[in-house]
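Following: one structure in structure tokens, then a few remarks.
The values are calculated or read from the model by the stated rules, or taken from the named source; none is laboratory data. Computed from a predicted model, the values in this text were never measured in an experiment. All Cβ positions, glycine included, derive from the backbone under ideal geometry; neighbour counts span all protein chains shown.
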Amino acid sequence: MKISPTGQVKDLLKTVPLFAACSKREINLLAGIVEVEQFAAGAELCREGEAGLGLFIVMEGETEVKVKGRTRRKLGPGAFFGEIALLDGGPRSATVVASTDVKSMLIPAWSFNATLKSDPSLAITMLKEVCRRVRTSDSSLST
Ligand code: CMP
């Protein structure tokens, strides 16, 4: 179910670690383009092999990242996913399922790519988190 972005979106964005270093201008820009959506427990937010439309940020609830049906990681509030298809334009590398009711934000690919170009520090923060996940991918199922 889609719900309209409100003034709350700006406050939510400020609490997301990925956007901690963003300027007021960038937060305002992002707040104008994000789509806030709610998913019931069990719903798929994205599916392995399908085209990617953008970057998700979990606002409330828990999600599970599954590769070939196997749970690889759990992502909760403040975590992001969907960066791989966004960056390389390829298909989704995993299915992400809501394990509880989930509220998320989706930043469409075209606008996020434009934001990344104007703020390279955002790209660096995102890449550091991706590196952390790769380093811990065998031993951890937590965020
Ligand atoms: P993307 O491939 O666009 O869509 C699925 C997302 O799941 C992917 O981007 C990553 O954000 C996330 N993902 C895939 N594999 C893992 C993993 N092993 N650990 C954490 N997140 C992952």
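For the range 44-61, the set of residues classified as farther than 12 Å from LYS103 by Cβ and either aliphatic (A, V, I, L, M) or not in a loop (DSSP other than H, G, I, E, B) (or both) consists of GLU44, CYS46, ALA51, LEU53, GLY54, LEU55, listed by residue number. A single member of GLY49, GLY82 is surrounded by fewer than 22 Cβ atoms within 10 Å (Cβ to Cβ) and not aromatic (Phe, Trp, Tyr), and it is GLY49. When PRO77 is tested against (1) within 10 Å of the ligand (Cβ to nearest atom); (2) not in a strand (DSSP E or B), only condition (1) is not met. Scanning the range 29-58 for residues that are away from the ligand (no atom under 16 Å from the Cβ), in contact with a Lys or Arg (Cβ under 6 Å, 6 or more places away or on another chain) and not small (Gly, Ala, Ser) yields a single hit, GLN38. Restrict the check to the range 81-94 and report whether at least one residue is more than 27 Å from LEU29 (Cα to Cα), modelled with pLDDT of 90 or more, more than 9 Å from the ligand (Cβ to nearest atom) and polar (S, T, N, Q). Taking every residue of the range 81-94 in turn, none turns out to be more than 27 Å from LEU29 (Cα to Cα), modelled with pLDDT of 90 or more, more than 9 Å from the ligand (Cβ to nearest atom) and polar (S, T, N, Q).
What residue, of THR100, THR71, is more than 20 Å from PRO17 (Cα to Cα) and in a strand (DSSP E or B)? Can you show your working first?
Values: THR100 fails: in a strand (DSSP E or B).
So the residue among THR100, THR71 that is more than 20 Å from PRO17 (Cα to Cα) and in a strand (DSSP E or B) is THR71.
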